[in-house]
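Heads up: the structure comes next, in structure tokens.
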Amino acid sequence: MTTITSVGSERREPGRPATVQGRPGPSSHQLLPGRAQHAALVVATVLGIFALGWFSVLTRPSAAVAAVWWPASGLAIGLGIRTPRHRLWLGCLTVGIVLLGANFAQYGSVPLAISSSIGAGVEMAIGTLILRPRGSRTPRLATRGDLAWLVLAVVVAASAYDATIAVTTLAMGDAHTAMLQLFSEGPRRAAGMLLVAPVFMGLPPRERHIGLPLTIVQMCVALIVAVLVFRTNDFPLSFLAIIPPVVGALWFSCRWLLVEMLAIAVIASYTSANGHGPFAFDRFGPVTAATLLQAFELSMAIIVLLISLTVSSERRAASRAQRQDAEELQRAGEVQRALTPSELPSHPGWDHGSAAVAARQVGGDFYDLRIVGRCAVMTLGDVMGKGAGAGILAAAARASLRATSPESSPADALAEGARILEDDLTRSQAFVTLGYAAIDLISGETRLADAGHGLSFIVREDGRAVERLSTRDLPLGIGSEWSDIHTDLASGESLLMVSDGVLDRWGGSVDLLMDAIRQLRSEPSIRSPQELAEVLCKGPDGATETGDDATAVMFHREGRRP
């Protein structure tokens with residue numbers, strides 16, 4: 001009798017956390033590490049925003065309207081996507097306050113400093129809300145669609161800041177400066193966001209691990225190339241600095257690529273502001289040069305990330321396909337093994353043995369042994385090819401031969417099986433070599449039809465003689481008529497069938513195989529047909545792998561040692 005017991009909810013004190021029966025709720029000690037790590041990340045990011053803000057101001061050329069580069073925007077977006085949505089306003093306010101001093105030092109005006117701090121908070125809020133529309137989990141950067149969404153967030157957020165500072169400058173009556181800021185503020189902040197913000201996102205793992213030494217070498221090469229390029233004044237050479245990150249995108253993770261591109265951006269910004277390189281401020285003027293520099297950095301980031309994400313996505317798809325293929329092959333192998341006789345029938349006065357080693361999870365060899373009344377039917381076939389296709393045809397061939405009557409002559413049974421399989425073999429352009437034997441269990445009379453197989457043997461008493469049974473008949477799918485071979489099995493004699501994988505194991509010739517059968521048959525350590533079949537499939541070196549499917553089945557008439 002089954003009883004169902006209902007357990008009522010327990011009373012608990014107000015404010016006390018509920019627990020699941022048998023499983024304690026999270027304690028303060030368990031929650032503290034996660035909260036401490038998040039708090040440390042927030043503090044480190046805020047300090048980084050403060051430091052980068054002042055760094056950009058201190059390295060600004062005197063002739064420039066604004067700083068060359070503003071990576072603090074990228075840190076602000078990163079802080080936003082790691083901040084709970086209900087506390088986003090607090091993060092935006094914190095960023096605005098932290099940057100207030102740097103903004104004043106940059107613009108030299110209290111209204112512009114306040115407007116810039118407000119714009120920074122608005123920029124952070126817009127970028128965060130676009131990347132986290134529902135405010136749920138940390139956004140990922142794993143596909144080209146994620147990259148497009150990131151670029152949209154960066155462009156809209158930078159444009160919002162751009163409009164804020166330009167409107168404030170225009171309201172102060174300086175239309176010329178407002179126009180300059182309208183074209184220069186957005187790109188520098190967009191470049192900072194696109195190069196820094198992805199560090200805080202969920203990045204895809206790299207399927208192939210190149211190793212730290214090679215990664216360091218590649219980064220050193222990239223930095224050397226960047227230094228050499230940005231010490232020259234040849235404008236077309238500027239894009240040579242993109243080549244190392246592009247090459248690295250084929251092998252390295254996005255996180256390493258972002259670090260590498262940040263280093264290249266720092267080199268490009270520093271040399272350009274000091275009158276060196278293809279984007280030298282002395283050559284083009286601060287506004288034009290800064291715009292060209294940020295266009296270079298944005299192009300580099302988008303191209304490299306696009307290549308990296310595309311390569312990573314293709315490799316993940318290939319890996320999934322390989323896993324699916326492996327799972328399907330494994331399942332097909334399990335089905336094929338389930339269709340293979342797990343235990344051959346027995347009959348007084350007769351013994352048998354069988355073994356099969358597939359070159360792959362699914363093989364093209366098949367065998368069978370049926371006993372109906374006084375008749376035993378023994379078959380061994382080999383479908384052309386390997387893998388799942390050969391396995392499917394092998395299962396179909398075995399099923400078609402099982403449908404024939406045991407009393408039929410082997411030649412008639414092959415003709416009937418060929419008729420059933422004709423369409424399948426024609427469409428797949430395949431053929432089946434086959435040995436089919438019918439054995440009278442009382443008299444030992446044996447009739448065998450050979451369809452291009454040629455690897456059926458009569459092992460005489462004590463292995464003194466091994467007789468090959470073969471004809472010139474063609475395989476199923478090629479031939480149309482077959483003939484019977486008549487022989488007898490006396491006491492102590494056996495009928496042995498093997499596939500060409502066994503032939504390959506023992507030298508590749510029929511004579512060498514027959515010598516091996518005679519030698520193994522006389523070995524005292526081999527006491528049963530099963531042991532003989534297993535040794536034949538393993539080969540002389542005892543290995544379990546073979547270049548082709550290896551199958552052996554033996555039917556022995558007792559009387560003396562098999």
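Summary of values
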{"read-out": "Considering residues of the stretch 215-269 that are aromatic (Phe, Trp, Tyr) and closer than 26 Å to Phe200 by Cβ only, the residue surrounded by the fewest Cβ atoms within 10 Å (Cβ to Cβ)", "value": "Trp251"}
{"read-out": "Whichever residue in the stretch 52-93 is loosely packed, with under 14 Cβ neighbours inside 10 Å and out of contact with any helix residue (DSSP H, G or I) (no Cβ under 8 Å at 6 or more places or on another chain) and, among such residues, is nearest to Leu195 (Cα to Cα)", "value": "Leu58"}
{"read-out": "Residues satisfying the stated conditions in the stretch 345-370, i.e. at pLDDT below 70 and either buried (at least 23 other Cβ atoms within 10 Å of the Cβ) or not assigned by TED's automatic domain parsing to the domain that holds His453 (or both)", "value": "Val362, Gly363"}
{"read-out": "Single match in Ser238, Ser253 (criterion: polar (S, T, N, Q) and under 30 Å from Arg316 (Cα atoms))", "value": "Ser253"}
{"read-out": "Tally, over the stretch 413-454, of residues that are more than 40 Å from the chain's Cα centre (by Cα) and part of a loop (DSSP other than H, G, I, E, B)", "value": "6"}
{"read-out": "Residue match in the stretch 255-266 (condition: touching a residue at least 12 places away in the same chain (Cβ under 8 Å), within 17 Å of Val225 (Cβ to Cβ) and not aliphatic (A, V, I, L, M))", "value": "yes"}
{"read-out": "Looking only at the stretch 97-108, and only at residues there that are within 20 Å of Ala160 (Cα to Cα) and more than 49 Å from the chain's Cα centre (by Cα), the one that is surrounded by the fewest Cβ atoms within 10 Å (Cβ to Cβ)", "value": "Phe104"}
{"read-out": "So Asp484, is it within 28 Å of Gly373 (Cβ to Cβ), at pLDDT 90 or above and crowded, with 16+ Cβ neighbours inside 10 Å", "value": "yes"}
{"read-out": "The listed residue being modelled with pLDDT of 80 or more, within 13 Å of Val432 (Cβ to Cβ) and out of contact with any strand residue (DSSP E or B) (no Cβ under 6 Å at 6 or more places or on another chain), out of Ala403, Ala395", "value": "Ala395"}
{"read-out": "Among the candidates Ser456, Ser443, residue that is surrounded by fewer than 18 Cβ atoms within 10 Å (Cβ to Cβ) and closer than 25 Å to Arg374 by Cα", "value": "Ser443"}
{"read-out": "Flag for Ala113 being modelled with pLDDT under 90 and small (Gly, Ala, Ser)", "value": "yes"}
{"read-out": "Of all residues in the stretch 407-433 being in contact with a helix residue (DSSP H, G or I) (Cβ under 7 Å, 6 or more places away or on another chain) and among the aliphatic types (A, V, I, L, M), the one that is surrounded by the most Cβ atoms within 10 Å (Cβ to Cβ)", "value": "Val432"}
{"read-out": "Qualifying residue in the stretch 502-509 (condition: within 24 Å of Asp382 (Cβ to Cβ), exposed (fewer than 13 other Cβ atoms within 10 Å of the Cβ) and among the polar types (S, T, N, Q))", "value": "yes"}
{"read-out": "Lone qualifier among Leu194, Leu141, Leu203 - being closer than 19 Å to Ala290 by Cβ and in contact (Cβ under 8 Å) with a residue 60 or more places away in the chain", "value": "Leu194"}
{"read-out": "Failed condition for Thr138, given (1) surrounded by 14 or more Cβ atoms within 10 Å (Cβ to Cβ); (2) touching a Gly at 6+ places or on another chain (Cβ under 7 Å)", "value": "(1)"}
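Here's the yes/no breakdown for (1) assigned by TED's automatic domain parsing to the domain that holds Phe281; (2) assigned to a loop (DSSP other than H, G, I, E, B); (3) closer than 27 Å to Ala171 by Cβ:
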residue: Arg60; (1), (2), (3): no, yes, yes
residue: Leu75; (1), (2), (3): no, no, no
residue: Gly101; (1), (2), (3): no, no, yes
residue: Pro111; (1), (2), (3): no, no, yes
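The values are calculated or read from the model by the stated rules, or taken from the named source; none is laboratory data. Computed from a predicted structure; not experimentally measured. Glycine also receives a Cβ, built like all others from the backbone with ideal geometry; neighbour counts cover every protein chain displayed.
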